[in-house]
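The values are calculated or read from the model by the stated rules, or taken from the named source; none is laboratory data. Small disclaimer: the values here were computed from a predicted structure and weren't measured. Cβ sites come from the backbone with ideal geometry, for glycine too, and all protein chains shown count toward neighbours. Heads up: the accessible areas ignore ligands, DNA and RNA and are worked out on the full protein's heavy atoms, side chains in. Shrake-Rupley method; radii C 1.70, N 1.55, O 1.52, S 1.80 Å.
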Amino acid sequence: MADFRVRRVEQGHAKIRNVPIAVTPEGFWCCPSPVVFQKTLKAQQNPLNKPKPPPPSHKTSIHKAQPNDKNPNPAPSRSRVVSDDQRSLKSDNTGLSPTGAAERSPKRNADNFQRKVAVEFGESETSDLKVILFGKQGFAVKMSVHRDVLLGQSKFFADKLTEEPQKSSLEIPDCEDVEIYVETVGLMYCKEMKQRLIKQSVSRVLRILKVAEILGFPTCIQSCLEYLEAVPWVGEEEEKVVSSILRLQSDKGINPVLKRVSSEIPNPPNDTLTQILDLVLKSSEERGRRDMKALVLKLLKENSILNNGVMDMYNDNIYQSCENCVESLLHLFRQAAEPGFTDKSMDSKGPVVKQIGLEADNLLWLLEILVDRQAADKFTEMWGQQEELARLHSQLPIVSRHLISCITARLFVGIGRGEMLPSKETRHRLLQTWLQPLIDDYSWLQHGCRSFDKKLVEEGIGRTILTLPLEEQQSILLSWMGSFLKVGDNCPNLQRAFEVWWRRTFIRPYIEQQSNAVRFSNSGTTER
């Protein structure tokens, strides 16, 4: 590291700042760090600060320049960033004495700026072109550069210098990012540009890429793209990189970067989702299944913004997995319902019982996915058609079958919440097929399942019943009443639904009859 000096000129006093800046292996200063511009601007915006005496100068060693075949001039021993006022006092640069420099009236806009920084690439004796950048807040940067370097690296500078080959200076007005502009020009002197970018942040390289495109600097653009293709992206960097890449006018070299976020395989998500579902559904490791189910469910929720066509395609895959699980459950129930199955050793019947639990858990997970995607109506219809599975349900020990009732309970909760809107026939069939098996398992569910919410399930069952025609409500609720009178708390408490049905059956007709009589009487009075 070495020091460079930035002088700020004010009325009556001059202030010197020493700011550390790195020297590149090629022998030029890298861009003044942001602290230079920020401190200089801050000092200018607060003119009430009393000037401080200049700090003692510190001598530091400076790296020797390396030969650069891009610059026909001899490689400079050092490069400097100095104040504009300091450079104006050099007679070998300006040809003026210090007195002449002081007496000269300012002619150029850059000299009228109070906030100035001068950047030299190589020794000032070898530079043959001045580039003046006018930034925001009245900030000017003057660069001493080499014409042949800029001609060889930048289409922008080549066009400008070809139009006026004798011009000794160029002015760049309204420069949005002076700091990065200076650094990008400095990169024109680099042989190994990619190595210079290694320690930069992604956001800074994106800024360099933007300036490099403005300057028509293809070597820098390519190096930035190679950096972005190889470096990890963290957090919000991905969106910034992709949007910046897509804004490039040239598409050369962007494909390797974009391949990180897009695939050339047609419709890959569909097949990939099927593979992911199969991996999760076939797993028997409890911790891995639980974690991956939670993760996939969360990620699928984020996909709810997809268009309907893509959602329908995903839903077809999910329903195919549901059908496979139901078929597997039916096969397992048939095995478990065979005579003598309960008398077998645990080594024989244990795998079947475990697999029943896994398949029921799989169906619960798939149902949650479909509910979140507002696509569970078809599942309700499929589940209501499983008469054989419901019939075999009573032949299995409750410890093996109770998770099946959890699926039924979740459907009732979903209908009660309005999360699914199956047809009247489907709702009636679901109650006819699965309400009694749920009642049979209710005591176990209350005491053996931590996730079972008794009040929520009872409210869901009652609301589902009340969506049916009044005669069907009566049939189901009277059947429930018989079960409730036998087992009490071991049966779902549907008294609230019973009260609603009672009022609809016995009170509402009387109220309507009385209302009609009043309207008829009022109508007769009006006619007379």
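Quick notes on this one:
- Exactly one residue out of SER243, SER168 is of a type in the set (S, T, N, Q), at pLDDT below 90 and in contact with a Lys or Arg (Cβ under 9 Å, 6 or more places away or on another chain): that is SER168.
- Restricted to the range 376-403, and to residues there that are more than 19 Å from ASN324 (Cα to Cα) and hydrophobic (A, V, I, L, M, F, W, C), the residue that is least open to solvent (accessible area, probe 1.4 Å) is LEU396.
- Residue among ASP441, ASP489, ASP453 that alone is of a type outside the set (Phe, Trp, Tyr) and under 21 Å from HIS393 (Cα atoms): ASP441
- Flag if LYS199 is of a type in the set (D, E, K, R) and loosely packed, with under 14 Cβ neighbours inside 10 Å: yes
- Within this structure, ILE461 fails the test of being free of Cβ contacts under 8 Å to residues at least 40 places away in the same chain, assigned to a helix (DSSP H, G or I) and in contact with a Phe, Trp or Tyr (Cβ under 9 Å, 6 or more places away or on another chain).
- Residue match in the range 445-459 (condition: more than 26 Å from GLY357 (Cβ to Cβ), under 41 Å from the mean Cα position of the chain (by Cα) and open to solvent by 20 Å² or more (accessible area, probe 1.4 Å)): yes
Matching residues to (1) of a type in the set (D, E, K, R); (2) open to solvent by less than 40 Å² (accessible area, probe 1.4 Å); (3) outside any helix (DSSP H, G or I):
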position: SER405; (1), (2), (3): no, yes, no
position: PHE412; (1), (2), (3): no, yes, no
position: GLU419; (1), (2), (3): yes, no, yes
position: PRO422; (1), (2), (3): no, yes, yes
position: THR433; (1), (2), (3): no, yes, no
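- Neighbours by Cβ (under 8 Å, 6+ apart or cross-chain): first from the range 494-520, over 12 Å from GLN474 (Cα atoms) and aliphatic (A, V, I, L, M); second open to solvent by 50 Å² or more (accessible area, probe 1.4 Å) and modelled with pLDDT of 90 or more: none
- Test set (1) within 26 Å of LEU281 (Cα to Cα); (2) of a type in the set (Ser, Thr, Tyr); (3) open to solvent by less than 50 Å² (accessible area, probe 1.4 Å) - SER348 fails condition number: (3)
- Per-region count, the range 142-194, residues open to solvent by 40 Å² or more (accessible area, probe 1.4 Å) and under 14 Å from GLY216 (Cα atoms): 6
- Qualifying residue in the range 323-335 (condition: over 23 Å from LYS293 (Cβ atoms) and hydroxyl-bearing (Ser, Thr, Tyr)): no
- Breaking point among (1) surrounded by fewer than 19 Cβ atoms within 10 Å (Cβ to Cβ); (2) modelled with pLDDT of 90 or more, for GLN513: (2)
- Any hit, the range 489-502, residues being among the basic types (Lys, Arg), under 28 Å from LEU421 (Cβ atoms) and part of a helix (DSSP H, G or I): yes
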